[in-house]
Structures are given as structure tokens and as C-alpha cells.
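Okay, structure first, notes after.
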Amino acid sequence: MPLLAYREKHILSAQQLRKLSEHKYSCTSTSLLDPLLQPWWNWLVAQTPLWLAPNLITIVGLIVNVVTTLILICYSPNGVDAPPRWTCLLCALGLFIYQSLDSIDGKQARRTNTSSPLGELFDHGCDSISTVFVAVSACISCQLGHYPNWLFFQCFCAIALFYCAHWQTYVSGTMRFGRIDVTEAQFSIIAIHLVSAVLGPEIWLTKLPYFNCETRFLPIYVACGVDFILTLRYAKCILTEGCGKNGSSVAGTSVLSPSIPLTLVVLPALMIAQKSPQNIFTEHASVYIMAFGMVAAKVTNKLVIAHMTKSEMDYLDWSLLGPSLLFLNQYFNCIVPEIWLLWFTLIWGTQDLLRYCSQVCLEICQHLRIDLFRIPYTPKGVASHPATASVSSQSNFGGSADKNGGTAHRKSKSKPH
């Protein structure tokens, strides 16, 4: 494949589609909260109509999460102004809905016998987008815009660690979750939003007794500790647990090769933010993070596809056009207002991500002969034709991967069913 995939009629080659069909999800988890939440998830999926496609459940949850976060951003785009309490409550509710729906899509896939590899891919894709908005919302709720460097660090740490989770999967072939991982992080952020909603966002500006620091630094320091532990865990896995020949990745490539796309996103983001004569990050923090977050989501999706198809990952991508223009504009002393290029980066990156994901889903749908958001439905009392039943048994994309060895496919945060 060429470096820029859109020059081809198809993004995925015939060999990649074949390997995707053969892909089996592998995951281990020791999460603390997952077992406690199983009764809630089991009850919720039991209320879900059998005709509701698992992928539709996932995308509805993502839309709710994105919309509630955008409402919060509208009231505090730079993370400095205190948002209304109800917007924080709305964000907590939106994230809870997303987390719950994201946890039952795999159960729904097994109920309807509609699991497929695309379920895992679709779920990872939604998570890559959600990660950006969840990180931004948490920082705004704490009014972290008063400390732009901390705001940048926390948001890009979340984006980079999500990428690294899939990097270690690309290397080892197994998605691994520790005792404190995605579910715990999501509920911690829900708690932050609830504190802001009940006590007011101003609570984060008060001084902690005996510590001589603002309350908002408490979740920051905790997050830094968790980030450090996760970084060490991912680094150990990447450097020592390659499952390919001679310790290489699943595709037989260097275990360090995925560092290139990540560097091409994070390093320009840092340089542009620090060197901006117009303080583009400080003044437009939310737009900045969303713009680079869409670029990061694109390269993360390409990494997931590389893992599932056991193929080499492309390093360059059209989504890097926006960051490149911002960088060049600074080099030539900002001949174009930076905010114009920042909005271009956001719009271009978003459409490029959506276009890419749509094309990939279409190609996989055609290859597996399935529908993305629909389950073939047979009324009660009407027997299915054998051929139809055979296709129907393959026809989901929102399936979940069972941590205990099930065959359903889902996202990076699979639940042990």
C-alpha cells in the first residue's frame, strides 16, 4: 500500500481482509470494578430489544458522550471559566451512558449470535474518539485551563496512553488490563463531574488543608501516578513480549515502529503549543485538543487495523496535513492567523477520520456480507432459510470480546462475561 491510502480505490487489500476474517480477540483483565458492575450490565442488556444491533448501541453511546461534552465546552472553551453546574452533571450522565452502552454491546452480540471482527474494530474506533472528549471534559470540570501546561499534559497523556494500549496489543497479540484501568478511569472522571455539579466547579480552586495546594491538584497527582504505572507496564510489554519472529510484532515488524506515528502527532502538538506567538493553545485549548485528538484517533485506528490484519502500519497520513500547515505557518512567522489553521486542522482531521472509518467499514461489510447497524430480523413463527441464517450468524459489528476466552469481538475495554 502507498503511504497515502486514499490514492487507492480500496484501503484494505484482499490479504488484509482475509486475515481480518481470521482474527481472534485475545484479552486478559484483573479490573477491580468490572466484576462489581456485571449485575448492572446484565440487567441492562436484558432490557435491550433483540433487533437492536450492537454497533448501533455503541454509536449511540458515543454520540451522547460527544454531545454532552460539547455543551460543556461551549460554556468554558479555554478551561478557565467555571462551567454551569448542570453542564458538569450532564457530562457525568453522558459518560455513564457511554460506559454502560459500551459494556453491553458485546453481550448483545452474543445474545443475537451476531459477532464479527468488525465489532472489535468499530468499538476501538469509537473509544479513540471518546478518549479525546472525556479527557477534555475532565480538565474543564476542574478548570485546569488556569494551568495550560498541566492541561496539555493530562489530555495528551490520555490520548498517548490509549494509543500505547493498542501498541502493546500490536506487539504481544493480547489486550491487557490491570486492576486500575479504563473502567476505573471512567468512573473517576464521572466522580469529578459529580463533585463539580454538587459543590460547584469553584471547589477545585479551594486550598487543601495541610497540603498548601488547590483541590484540583489531588486528581492531577493521582492521574500522574496512574499514568506512570501504565507507561511502565506498556513499555515492559512492548520491549519484552513481542509474539512475532525474534520478538517482533504480530506483523513481524519492529516493536518500536508504532512510535513513529505517535511521535508525528504529539511532538508537533507540543512544539506548536509552546512556540505559538498568538498563544493558540492557551486561548483555544478545547479546539486545539480536539483537532490533534482527531489526528491521533486516525492513527490509532490504523494501528488497530494493522494489528487485526497482521500487517505493517503506514507512517504518513493525510490527517497530518493540518499539523504540518500549523508548523510551517509558525516557521514563516505566521503569515496566516493561527486560529484559521487550527479550525482547518479540526475540520480536515474530523472529515478525514470519518471518511476513513466509513470506507473501512464499507469494505469489511462487503467482505463479510453483513450490515453495520442492522440485524437481519425474522418474525416469530417464520423459519429462516439456512443460507440466510448462515449469513445472519456473522452479521454483527458491535460484538464484544470475552476476557474468559469467548469468540465475540469488541473494544479495548471488554467485560468478562
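The values are calculated or read from the model by the stated rules, or taken from the named source; none is laboratory data. Note that the structure is predicted; figures quoted are calculated from it, not measured. Cβ sites come from the backbone with ideal geometry, for glycine too, and all protein chains shown count toward neighbours. The accessibility values were calculated without ligands, DNA or RNA, using every heavy atom of the protein model including side chains. Shrake-Rupley method; radii C 1.70, N 1.55, O 1.52, S 1.80 Å.
Quick look at the numbers
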| read-out | value |
| --- | --- |
| Solvent-accessible area, 1.4 Å probe, carbon plus sulfur percent, for the stretch 226-279 | 66 percent |
| Helix-only mean residue ellipticity at 222 nm for the chain, each DSSP H run of n ≥ 4 adding -39500 (n - 2.57), per residue, nearest 500 | -21000 deg cm²/dmol |
| Cα centre as origin, Lys/Arg/Asp/Glu Cβ charges: the stretch 14-368 dipole, Debye | 560 debye |
| Heavy-atom surface of the chain, accessible at 1.4 Å and reported per residue (Å²) | 44 Å² |
| Listed residues Leu70, Phe177, Gln99: farthest to the positive end of the dipole of the stretch 14-368 (Cβ charges) | Phe177 |
| Separation in nanometres of the label points that stand 7 Å from Cα toward Cβ, at Leu256 and Gln274 | 2.1 nm |
| Under 15 Å, Cβ to Cβ, from His193 - net charge with Lys/Arg +1 and Asp/Glu -1 | +1 |
| At least 27 Å along the helix axis (C-alpha) and Kyte average at least -1.0, DSSP helices within the chain | 54-75, 85-111, 117-141, 148-172, 217-240, 285-308, 338-368 |
| Selection from Ala138, Leu161, Ser248 lying farthest towards where the dipole of the chain points positive, charges on Cβ | Ser248 |
| Convex hull volume of the chain per residue (C-alpha atoms, cubic angstrom) | 146 Å³ |
| Gaussian network model of the chain, Cα within-10 Å springs - most flexible of Arg233, Arg176, Arg110 | Arg233 |
| Convex hull projection area averaged over all views, the stretch 106-203, Cα basis, nm² | 8.1 nm² |
| Rounded percent of accessible protein surface that carbon and sulfur make up, the stretch 1-137, 1.4 Å probe | 68 percent |
| Cys27 long-range amide H proximity, modeled H, under 5 Å | Met175 |
